[in-house]
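The structure under discussion appears below in the form of structure tokens.
The values are calculated or read from the model by the stated rules, or taken from the named source; none is laboratory data. Predicted model, so just to flag it, every value in this text is computed and none were measured. Counting neighbours? That spans all protein chains shown, and the Cβs are built from the backbone with ideal geometry, glycine included. These area figures cover heavy atoms from the full protein model, side chains too; ligands, DNA and RNA do not enter into them. Shrake-Rupley method; radii C 1.70, N 1.55, O 1.52, S 1.80 Å.
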Amino acid sequence: MDFKALFSQLVVFFGKLTQAQKTIIGAAVAGIVGFLIFLVVYTSEGSGGSGGEYQVLFDQLSSEDAAKVIEQLEKDKIPYRIPRDNVIEVPKDVVYKERITIASMGIPKEGHVGFELFDKQEFGATNFDQEVKFRRALEGELARSIDSLSPVEKSSVSLALPKETLFVSEEVPPSASVMVQLKDGGKLTSKQIRGIKKLVAAAVPKLTPENVTLIDSEGEALGDDDAAAAMGELSAMQQQYKTKEEKKQEEKIVNVLAPFIGGKDRIVAKVTIEYDFSEQSSTSEKYDPESVVRSEQTSEEKREGAAPAPVGGVPGAVSNVGPVEGLASGSGGEKFEKTTGTTNYEISKTVSTTKMEFARIKRMSAAVVVDGKYEPKKDPNGVATEEVEYIALDETQLQAIDALVKQSIGVNEERGDLVSIRNFEFQTSRAGMQPKDAASKTTEFVDMYLAPFAPVFKYLFVLIILFIAYKKIIIPFAERMLEFSREEEEFDKPNLEIADDEDEDLAEKVQQMRKKVENQLGLGDNFNEDELKYDVLLEKVREIAEEHPEEIASLIQTLIDEESIPNDASKR
């Protein structure tokens, strides 16, 4: 490509432009060049830091680790800079080398150490050393678990594990303290605070959540008001449940009445439910009166016949002698019976424990407002006009609506539930039924049919603008360029090789030109087309012969030689 010729053509083209065209082209070129420069600079800054010379060595460093890194860089005489908090940058040609060097020194330190402390066994470690390592590992594992919470940036856990003793009176329960540093805008909820305490307590034997102290980075104790926080959460949950149930009952009323009233926008329903959220549980014992015999014991004694008469009298010699003659002795039969029975019955007992539901409805009240009817207003002659008039619902219809509402939401009159039904005129309904003017109809048409296609209209508007720019700017500019190209083509040398196709094209062009000239002059078809064609071709050949005489002479000589060769052959 000849850049010199191209540059000269551009200079000629630019010189033929008007002042406005020069201004537009200059502004466009300047804008494109400025945009390219901005992209290059922005890309270099984003990829290589400020100026492309520095890169990040470490970020998100603690203050202690940052101080150690800076000390090591100063020792190695490496330039550095701190563009923002906890970020250190060094020249990009030494960033990887310094990163490996500083990392080999254990900087920056990991957040916490866990049970990996026991990966390496130390020879000669005492029992005390093992206990300290176990406590450090346990504290590190707990801190890692707490750090996984989204609001926590980092944490620290300290455990106080007293020595075990054989005396119960001297036993001291373990305790723990947890310090958390929250992220910007982060906050621990009451559930998360209780979860952290339970997590730490579950990892240490005999440790209770009450003995775990939790504070934040500002020294404020967290979780001391657990009871108040729990009550607040319970109150919020109860209010949310109440609102949800009331909304559900309101939707029931609207859905039941909407088909008959004429739409959901013509009904307003509000329901208020009073709940009893107190927790109650009852235990009852019931004894079965139909007892079952568990055991039975019976004892029976029976005696028959006379028993010997006892010797009576004053103790002494006479009583010891025996019966004395002349004294009558008692005689007669004896019968003795004894029956003893014991029956044990099984006492059956039923114990039932009942816990009340979460929320019990104490009272429910509903207020429902419904719209009336609208009919065309009639003139004195009884002809309907465009105006509408409001007609209130009668008592029968209101009673039917009242019954539907009570059945839909389950009203219990014994509980004291109330339902109030009122019939009022809705202004929005009247306004919607009034005859609309042209502006209102146009607005309604736009909102109904054109508004859903608003996103499509935006893109269509952009396409129209691009089409106008193409027709009014790009096409005229391209035509201007083509005109200059045609002017440049006029300086090219003509091609002497005239093909048959070119001859036919030339004849067609001449014929068209001839007809055009005849039409302009108002002449008829008196001219001979063959003569005009011959004259034009002769004129064209004359011009070529004048411009290139040597080539025409060579061509004629070639034709003469070709003609002479057949004649010589025929003579022979």
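Going down the list K187/K244; K286/K338; K248/K377; K92/K133, which pairs span over 29 Å between their C-alpha atoms? Those over the limit are K286/K338; K248/K377; K92/K133. Label-to-label distance for Y80 and Q512 is 8.1 nm, based on points extended 7 Å past Cα in the beta-carbon direction.
Phi angles of segment 253-264 translate, via the Karplus equation with coefficients 6.51, -1.76, 1.60 and θ = phi - 60°, into HN-Hα couplings of 4, 5, 5, 6, 8, 4, x, 9, 7, x, x, 5 Hz per residue; Gly and Pro are given as x.
Remark: accessible surface ordering of F461, F118 (largest first) is F461, F118, probe radius 1.4 Å. Placing a pseudo-label 7 Å from each Cα along the Cα-to-Cβ vector at K97 and A367 gives an inter-label distance of 8.2 nm. Think of segment 135-179 as a dipole: +1 on every Lys or Arg Cβ, -1 on every Asp or Glu Cβ, centred on the Cα centre; then among L166, G140, A176, G140 lies furthest on the positive end. Peptides 246-254, 412-420, 139-147 ranked from most to least packed, by the mean per-residue count of other Cβ atoms within 10 Å: 139-147, 246-254, 412-420.
Bridging of K191 to lysines at a Cα separation below 20 Å is possible for K154, K183, once same-chain residues fewer than 8 apart are set aside.
Amide H to amide H under 5 Å from V388: which residues, 5+ apart in sequence or cross-chain, H placed 1.01 Å off N in plane? Residues meeting the amide H criterion: K377. The label point for V383 and the one for D147, both projected 7 Å from the Cα toward the Cβ, are 9.0 nm apart.
Annotation: amide H of K92 within the under-5 Å range of Y54, Q55, sequence separation 5 or more or interchain, hydrogens built in the peptide plane. Solvent exposure of segment 134-213, expressed per residue, is 62 Å² of accessible area, with all protein chains present and a 1.4 angstrom probe.
3J(HN,Hα) along segment 99-104: 5, 5, 4, 6, 5, 5 Hz, from the Karplus curve 6.51 cos²θ - 1.76 cosθ + 1.60 with θ = phi - 60°, whole Hz, x for Gly and Pro. Please give every one of the lysines within straight-line cross-link reach of K540, meaning a C-alpha to C-alpha distance under 29 Å, and leave out same-chain neighbours fewer than 8 residues apart. Answer for K540, where 29 Å is the Cα cut-off: K493, K509, K515, K516, listed by chain and number. Residue-wise HN-Hα couplings along segment 385-393, as the Karplus relation 6.51 cos²θ - 1.76 cosθ + 1.60 with θ = phi - 60° gives them from phi, are 10, 6, 6, 10, 10, 8, 10, 6, 6 Hz; Gly and Pro carry x. Here the calculated FRET efficiency for E171 and E64, from their Cβ-Cβ distance with R0 = 30 Å, stands at 0.20, rounded to the nearest 0.05.
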